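Worksheet for the structure shown next.
The values are calculated or read from the model by the stated rules, or taken from the named source; none is laboratory data. Predicted, not measured: the structure shown is a model, and the values here were computed from it. As a convention, Cβ positions derive from the backbone with ideal geometry for all residues, glycine included, and neighbour counts pool all protein chains shown. Accessible surface is based on the protein model in full, side chains and every heavy atom, while ligands, DNA and RNA are left aside. Shrake-Rupley method; radii C 1.70, N 1.55, O 1.52, S 1.80 Å.
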Amino acid sequence: MAETIADGNTMVEDTEAPSPPPPPAAVSKNGRKAEGNSIFSWIFVLALLGAWTAVGVVWFDIVDYDTVVGTLVPYDIDGDGHLGLEDAKVLLGLKEKPVARETPPHTPVTDTSDEQDVRSDLRREAEPTVAKSEFVNTASSEQDSFNIDSTAADAGLSRLEQEFTPFDPIEDNFDSFPQEENPDTIDTTGELVVEYLPEETEGQSDTTVLYSEQFASQQTDPRAPDSTQDMEGANPEPTAESAAEVTQDSTPVLPETTAQSAPQSPQDTTQSNTAEETPTEVTGKKKKPKMFNKFDKTIKSEIDTAEKLRKKGKAEEALRAFEGLVQKYPHSPRSRYGKAQSEDDVAEKLRSNDMLLKAVNSYKDAAELPDAPVALIKAALKRRADRQQFLGRMRGSLATLQLLVQTFPDDIALQNDLGVAYLLIGDNKAAKKVYEEVLVKAPSDGFAKVHYGFILKSENKIAESIPYLREGLESEAAGTDDGRFYFHLGDALQRVGDQSAYEWYERGHKRGHFASVWQRSLYNVNGLRAQPWWTAKETGYTDLVKTLERNWITIRDEALSVMNASSGLFVAEDENLREKGDWGQFTLWQQGRKVASSCRSVPKTCALLDRYPEATSCKRGQIKFSVMQPGTHVWPHTGPTNCRLRMHLGLVIPRDGCRIRCTDHTRGWEEGKVLIFDDSFEHEVWQDADSYRLIFIVDVWHPELSQTQRQTLSPI
């Protein structure tokens, strides 16, 4: 007879050993066989054989003892916890089987009043739900959007989630699991970018302060070819409406960020989605949250077996195991939660949005079971929110967070997360209200302070923002150590004339957020030559520079024709970079894409540039005209990336009063001449002349970037 023993993925066929030969009978001196004691000899041999077999199995790891120990219970006749001589006697019929005590029937779970309140609240929110797929593809196979209004009832959404008005579907898919190791990010300039992590480090971009563009770091988004950018340096601050377009989604949840900031990267899934391993403080001791109800404890060995597969990284096997448990025990919250975690792991492994959507639904299913422990409800909903946010469903994240805050009103971390969710959809007013409430409850909460200061600065309340940003950073609370906060504090200090700004830039640099005190760009490729001013020969783009300088009059005349047009084709700078004055631009190329309507107005200029891919294919730059009126001053600021250099061709330059500073060197423009600098370094502009200044800006790839990098780097 053969017995198959499962050990992980390996099946070991353990064939029963042949029966040992009978022991020789005892012989007396006269040659006659001795009688008696033979039955006890057999018992003794069997006992020894069983004992040594058990030792061999466990010692040599022939089988995982934890996975089979439960199956030995029927053979433990005397109930002493192991197989011994007395058990063998009963099995051989030499001793009567002892009468077992009757075990009282299983008592249903008795909830505390708090747990009953939590679950009843959740059930009330979940009454109109239907267990169907939550996400509906309303466009092509490459799109991943969802219409809440038309499909909420079939999507398994709660009443709270259905009350939200969705954004309109966006044109491009949120590619939440990109094919390359380049999780998406949005920079401070209002443009969403895809970071190429193996090559890039984060610093800080310009002074724009729209949180949704800075911190929503796991999405992709379409960028309009005519989106506004700044003139001399950074890019503009979009409106709240445009922010909503950038972060459009269609369903409800929460980012399980560092308690609260940006969405989590999929690479961290295995560690973070094991909520039951996160300790909490209880009477000075770390204690695991209670993730098992009374019924789950009765099947804990089966759950542990499946969970062991998941922790070993055997995601597919774990998923099959948990699916079996859910089918066998449909009312087991821990089994459903384990199924959701396994789907989450498989989604990460396969980079599958479809599987991740299944996990999102399963987390919700686990939280809505009647006897789900409170800790499991919180963990499941938080993880669901995080995964929805990772998929770009910001309104879904918001709805789940609101449900969590409503269910757990004393949890400050959840309120902080809710504030982030509002910021990610561009609703700074709602976020401000949340952080005001947090600071009433917890006046020293560093995370709330730094975000509240950020919001004040976005409202141009520069002086008011400084103490919140400073105290928030000094708290060193989780989620505050971010280059963006160091940048905005320094920028605010600069604007009020406080030179301690550079002390904060230095701190940010020492913490690895900035390449240097001067170079504070956000999206960088390591190892590129870094210097503020460049010559044409140093760039290697001498042919482009010569073409611009030889044809500067043609370029100027076309710019003047556009500038003087009654239609007013120049767009005013609106990214809060000016202290005073008027400043406008007219864009021809944006993020490596030609603006056809603009080029029709200046065809000769565009024809000249078409020959130079180092400029026209620069996805991290622009080509545009810039006009600045007298009395204009541009605050010190930095561009978003070190991957480009910026060329300025002088077209109409007043004799005196126009100058640009980059780091600690100041220069002026000349008509018909090209000035080249790296705008990832701090720069500042003054226009104190009596007439306007007109220049032509051409961004080019940093010359040390490889062709592959130029093709794979994300647009800015």
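Quick one: how many residues across segment 286-332 are small (Gly, Ala, Ser), open to solvent by 50 Å² or more (accessible area, probe 1.4 Å) and free of Cβ contacts under 8 Å to residues at least 40 places away in the same chain?
Residues flagged as small (Gly, Ala, Ser), open to solvent by 50 Å² or more (accessible area, probe 1.4 Å) and free of Cβ contacts under 8 Å to residues at least 40 places away in the same chain within segment 286-332 amount to 0.
Step by step: first the residues of segment 362-404, then only those that are over 21 Å from residue 290 (Cβ atoms) and open to solvent by 30 Å² or more (accessible area, probe 1.4 Å), then the one that is modelled with the highest pLDDT. Which residue is that?
402
What are the residues in segment 459-479 that are surrounded by fewer than 21 Cβ atoms within 10 Å (Cβ to Cβ) and either closer than 22 Å to residue 637 by Cα or among the basic types (Lys, Arg) (or both), if any?
Pass one, segment 459-479, residues surrounded by fewer than 21 Cβ atoms within 10 Å (Cβ to Cβ): 459-464, 467, 470-471, 474-478.
Hits for segment 459-479 are 459, 460, 461, 462, 463, 464, 467, 470.
Which condition number does residue 586 fail, the rest of (1) free of Cβ contacts under 8 Å to residues at least 60 places away in the same chain; (2) outside any strand (DSSP E or B) being met?
(2)
Within segment 480-510, track down each residue that is small (Gly, Ala, Ser) and either in a helix (DSSP H, G or I) or buried (at least 22 other Cβ atoms within 10 Å of the Cβ) (or both). Spell out how you get there, then give the answer.
Within segment 480-510, the first condition is being small (Gly, Ala, Ser), and the residues that meet it are 483, 490, 492, 497, 500-501, 508.
If the condition is that a residue be small (Gly, Ala, Ser) and either in a helix (DSSP H, G or I) or buried (at least 22 other Cβ atoms within 10 Å of the Cβ) (or both), then 483, 490, 492, 501, 508 are the ones that fit.
Hey, can you tell me all the residues within segment 678-693 that are under 19 Å from residue 578 (Cβ atoms) and buried (at least 21 other Cβ atoms within 10 Å of the Cβ)?
679, 682, 683, 685, 687, 693
Would you please name the residue that is farthest from the chain's Cα centre (by Cα), looking only at residues in segment 620-630 that are crowded, with 20+ Cβ neighbours inside 10 Å and in a loop (DSSP other than H, G, I, E, B)? Steps first, please.
Going residue by residue through segment 620-630, those that are crowded, with 20+ Cβ neighbours inside 10 Å are 620-628.
Cutting the leftovers down to in a loop (DSSP other than H, G, I, E, B) gives us 620-621.
Values: 620: 23, 621: 26 Å.
Only one residue tops the list, namely 621.
Which count do you get for residues in segment 333-361 that are more than 18 Å from residue 307 (Cα to Cα) and surrounded by 24 or more Cβ atoms within 10 Å (Cβ to Cβ)?
Here is the first cut: in segment 333-361, the ones more than 18 Å from residue 307 (Cα to Cα) are 350-358, 360-361.
Next cut, surrounded by 24 or more Cβ atoms within 10 Å (Cβ to Cβ) only: 356, 360.
Of the residues in that region, 2 qualify.
Please go through segment 536-554 and give me each residue that is β-branched (Val, Ile, Thr) and either closer than 16 Å to residue 604 by Cα or out of contact with any strand residue (DSSP E or B) (no Cβ under 9 Å at 6 or more places or on another chain) (or both), ordered by number. Spell out how you get there, then give the answer.
Step one: of segment 536-554, the residues β-branched (Val, Ile, Thr) are 539, 542, 545, 547, 553-554.
Answer for segment 536-554, where residues must be β-branched (Val, Ile, Thr) and either closer than 16 Å to residue 604 by Cα or out of contact with any strand residue (DSSP E or B) (no Cβ under 9 Å at 6 or more places or on another chain) (or both): 542, 547, 553, 554.
Tell me, which residue of segment 425-478 that is without any contact (Cβ under 8 Å) to a residue 40 or more places away in the chain and of a type in the set (Asp, Glu) is farthest from residue 389 (Cα to Cα)?
So the residue we want is 464.
Tell me the residue from 609, 675 that is farther than 21 Å from residue 524 by Cα and surrounded by 21 or more Cβ atoms within 10 Å (Cβ to Cβ), please. Spell out the reasoning first.
Working: 675 fails: surrounded by 21 or more Cβ atoms within 10 Å (Cβ to Cβ).
Result: 609 is the single residue among 609, 675 that is farther than 21 Å from residue 524 by Cα and surrounded by 21 or more Cβ atoms within 10 Å (Cβ to Cβ).
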